[in-house]
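Down below is the structure, laid out as structure tokens.
The values are calculated or read from the model by the stated rules, or taken from the named source; none is laboratory data. Quick caveat, the model's predicted, so the values are computed rather than measured. Cβ atoms come from the backbone with ideal geometry, glycine included; neighbour counts cover every protein chain shown. Ligands, DNA and RNA are stripped out before the accessible areas are found, and what is left, the full protein with its side chains, is counted by its heavy atoms. Shrake-Rupley method; radii C 1.70, N 1.55, O 1.52, S 1.80 Å.
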Amino acid sequence: MKPNYIHKLIAQGEHQQLDFKFEIADSRKIAKTFVAFANTDGGKLLIGVKDNGVVAGVRSEEEKYMAEAAARMYSSPNVKFDYKEWHIDGKKVLEVTIPKGKERPYYAHNEEDKWRVYIRVNDQNILANKVLINAWKRKARPEGTYINYTDKEKLILEYLEENDSISLSKFRKIANISAYKAENILTNFLALDIIEIEISEKHILYRLSKSFGDI
């Protein structure tokens, strides 16, 4: 592949599987992007490229070591990645590729000394909620996930057959149940791929999964 490959990537702009970083000044901050990619669909990080797509170049070898620290010291489990160096117009760009992880959830160690789970939504790294995190954990359990199919489970499925989506607060209201019980039902359905989750900066919604809707 030629440097033109990097120009084509830059031309795409930042999106769910591509991020630009002028530099790595803090391994903990870059760990958010690493785990967000690993928790979602994987992605590429171009280091030495400004947000507007201008190639600034990597300033030192230290950037590479800081990327390694982000993946190994400030991510849990460790995020797998590989990297290539590209020379564009006399400047060095580091291409870091992170595959979709097999050990979700991945946590990043943030500036407040806390471990948090992030997902990639469009070109943003957003905090995952408790329902999604617990659904990943239940999916990984060898004993699987079992559901007690009560009136509450039936209610949410019937609601989603008639409506596009539902929020946690709406589910709690129509089912007249606690937040804990509502979250547990949503977690089970998400772990079994009966429903899907949509997380954005403005809302968190749940809808029937396409595969379940086709049954």
Worksheet item: Checking Lys80 against (1) touching a helix residue (DSSP H, G or I) at 6+ places or on another chain (Cβ under 8 Å); (2) open to solvent by less than 30 Å² (accessible area, probe 1.4 Å); (3) among the charged types (D, E, K, R), which test does it fail?
Response: (2)
Discussion item. I'd like the full set of residues that are touching a Leu at 6+ places or on another chain (Cβ under 9 Å) and open to solvent by less than 60 Å² (accessible area, probe 1.4 Å), limited to the range 83-98.
Written reply: Trp86, Val93, Leu94, Glu95, Val96, Thr97, Ile98
Worksheet entry | Members of the range 172-187 that are surrounded by fewer than 11 Cβ atoms within 10 Å (Cβ to Cβ) and either under 23 Å from Arg138 (Cα atoms) or in contact with an Asp or Glu (Cβ under 8 Å, 6 or more places away or on another chain) (or both) | Ser178, Tyr180
Worksheet item: Just one of the numbered conditions (1) open to solvent by 40 Å² or more (accessible area, probe 1.4 Å); (2) touching a residue at least 24 places away in the same chain (Cβ under 8 Å); (3) closer than 15 Å to His109 by Cβ is not true of Glu68; which one?
Response: (2)
Item to complete: Could you figure out which of (1) open to solvent by less than 50 Å² (accessible area, probe 1.4 Å); (2) in a helix (DSSP H, G or I) isn't true of Ser169?
Response: (1)
Worksheet item: Out of the residues in the range 141-166 that are in contact (Cβ under 8 Å) with a residue 24 or more places away in the chain and part of a helix (DSSP H, G or I), which is most open to solvent (accessible area, probe 1.4 Å)?
Response: Glu161
Discussion item. Restricting to the range 133-162, and then to whatever is among the aromatic types (Phe, Trp, Tyr) and at pLDDT below 95, can you tell me which residue is farthest from Gly101 (Cα to Cα)?
Written reply: Tyr149
Practice prompt. Taking the residues in the range 1-17 that are of a type outside the set (A, V, I, L, M) and assigned to a loop (DSSP other than H, G, I, E, B) as candidates, determine which candidate is farthest from Ala108 (Cα to Cα).
Written response: Lys2
Worksheet entry | Residue selected from the range 99-112 under the condition within 14 Å of Lys29 (Cβ to Cβ) and out of contact with any Phe, Trp or Tyr (no Cβ under 9 Å at 6 or more places or on another chain), by the criterion surrounded by the fewest Cβ atoms within 10 Å (Cβ to Cβ) | Glu112
Worksheet item: In the range 18-124, which strands (runs of 3 or more DSSP E) lie fully inside it and hold 2 or more residues that are within 27 Å of Asn4 (Cα to Cα) and of a type outside the set (A, V, I, L, M, F, W, C)?
Response: 18-21, 43-47, 82-88, 91-98
